[in-house]
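Report on the following structure.
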Amino acid sequence: MLPVNRMKPQSRASSSWSPSGVDLADSRRKPHFLWRTIFTALLIIGCILVLKHSSGHRVTTAFSQHEHGVTHVLVTGGAGYIGSHAALRLLEDKYRVTIVDNLSRGNIGAVKVLQDLFPEPGRLQFILADLGDAKAVNKIFSENAFDAVMHFAAVAYVGESTLEPLRYYHNITSNTLVVLEAMAAHRVNKLIYSSTCATYGEPEKMPITEETPQHPINPYGRAKKMAEDMIIDYSKKPGMAVMILRYFNVIGSDPEGRLGEAPRPELREHGRISGACFDAALGIIPGLKVRGSDYETADKTCVRDYIDVTDLVDAHVKALHHAKSGNVGIYNVGTGKGRSVKEFVEACKKATRAEIKVEYLSRRAGDYAMVYSDPSKIKKDLNWSAKYTDVEQSLATAWRWQKSHPNGYRL
């Protein structure tokens, strides 16, 4: 006889039977199961959308596509002193501008001024990024349709470079390589490089021409020259249009008072002499400390070629306009006239109408006695020449901005 499977009767207390023949416990679980199913489906859809986006399905914007008649310029370091003035000029000239800056030296306040002046869609965008991050830089190039790069981003204090040389080689030379690699990968073939007269060092003859041998005497100048060398080598690639501008000591600010120079307080010691003069005039520091009074110059202080930032920016925009495929243009950007530090200090006193105490100290490492330009080549090729050549007037313009912005862009 086959074994009989005897089932133990269920007690009524534990029974969930219903007249419809449906287990009530199952019935209660169904809504929960339905919501879990819906949630899972939504999650899968979300994942698909993310995957599509990461594989190239991006939202199209004015910045991500080329537009006939509009030149889209990437301005590296566009939150800094010179870069922000360049971005302003480009925007006024109807260029489309993307600023990339890590704000280590730049000011978000300058970007905000530009955004308020040009709020229209497709005119200006700001991207917070470090050019030392190759992955981030490549992403920026992949998501934007750049027609040209104006490369300002750099730490730029001679004295600081002698104290932190590796930082300068990384920030200037290595970061420029990252930019060049991104340009190559995304076929951006026009570069305006903001270089420096520091690549010349201390030449035997004055004025400095573009043919003057380059023998930089400080890490800042050497890092810039290395970057120039890389750019010149890479420019041999077919289709490249390159302009290298070696400019001299920058002063001044936007004549309409919209932008100015606002270095971080901890960097004042390394900054430009104009900033130190203004700090002394404002009483932020007790007086002006001049490094070196034993140079072989007429009054024993350094001689420099002071170029107004408005003129400098004009030279960059003209270089962009004249950049030609298969050509490398190298130009000095200066006034062609040298002025001593003593002369500069006197001009600053007149511009600020302040009594400035001056203390002369020993020379600063990496400095040179005399440097001024011969700007005849840029005059001939680009029809550019400095217009704001009155140092006192340039300082007076910058002083007006300083007085109205005693805390920089932090009003």
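For Thr199, Thr40, what ranking results if the residue with the fewest other Cβ atoms within 10 Å of its Cβ goes first?
Final ranking by Cβ density, sparse to dense: Thr40, Thr199.
Over what distance in Å are the Cα centres of region 265-327 and region 142-165 separated?
Comparing the Cα centres of region 265-327 and region 142-165, I get a distance of 17 Å.
On a 0 to 90° scale, report how tilted helix 273-282 is relative to the longest principal axis of the chain, with both axes built from alpha carbons and the result rounded to the nearest 10.
90 degrees
Starting from the Kirkwood Rh over alpha-carbon pairs, what translational D in µm² s⁻¹ does region 224-355 have by Stokes-Einstein at 37 °C and 0.692 mPa s?
190 µm²/s
Cα atoms only: what Rg and Dmax, in Å, come out for the chain?
Here Rg and the maximum Cα pair distance are 30.7, 129 Å.
So, in nm, how far is label Lys357 from label Thr37 when the simple model puts each one 7 Å beyond its Cα toward the Cβ?
If labels sit at Lys357 and Thr37, their model points lie 8.5 nm apart.
Projected onto the charge dipole of the chain (+1 at Lys/Arg Cβ, -1 at Asp/Glu Cβ, origin at the Cα centre), which of Asn218, Asn383, Met370 gives the Cα projection farthest towards the positive end?
Of Asn218, Asn383, Met370, it is Asn218.
So how strong a dipole does the chain carry about its Cα centre when Lys and Arg Cβ are +1 and Asp and Glu Cβ are -1, to the nearest 20 debye?
Result for the chain is approximately 1860 debye, rounded to the nearest 20.
Can you give me the angle between helix 134-143 and the longest principal axis of the chain, using Cα atoms only, in degrees from 0 to 90, rounded to the nearest 10?
Relative to the chain, helix 134-143 is tipped by roughly 80 degrees.
What angle, in degrees between 0 and 90 and rounded to the nearest 10, separates the Cα long axis of helix 341-352 from the longest principal axis of the Cα atoms of the chain?
In the chain, helix 341-352 runs at an angle near 70 degrees to the longest axis.
Taking the beta-carbon count within 10 Å as an exposure proxy, list Met226, Met243 from fewest neighbours to most.
Met226, Met243
Evaluate the charge dipole of region 169-273 about its Cα centre and quote only its size in Debye, nearest 20, assuming +1 on the Cβ of each Lys and Arg and -1 on the Cβ of each Asp and Glu.
260 debye
Under the rule of -39500 (n - 2.57) per DSSP H run of 4 or more residues, summed and divided by the residues of the chain, what mean residue ellipticity at 222 nm is obtained, to the nearest 500 deg cm²/dmol?
-12000 deg cm²/dmol
Only the coordinates and a few stated rules stand behind these numbers; no lab work does. Please read all numbers here as calculations on a predicted model, not as lab measurements. For neighbour counting, all protein chains shown are included, and Cβ atoms are generated from backbone atoms with ideal geometry for every residue, glycine included.
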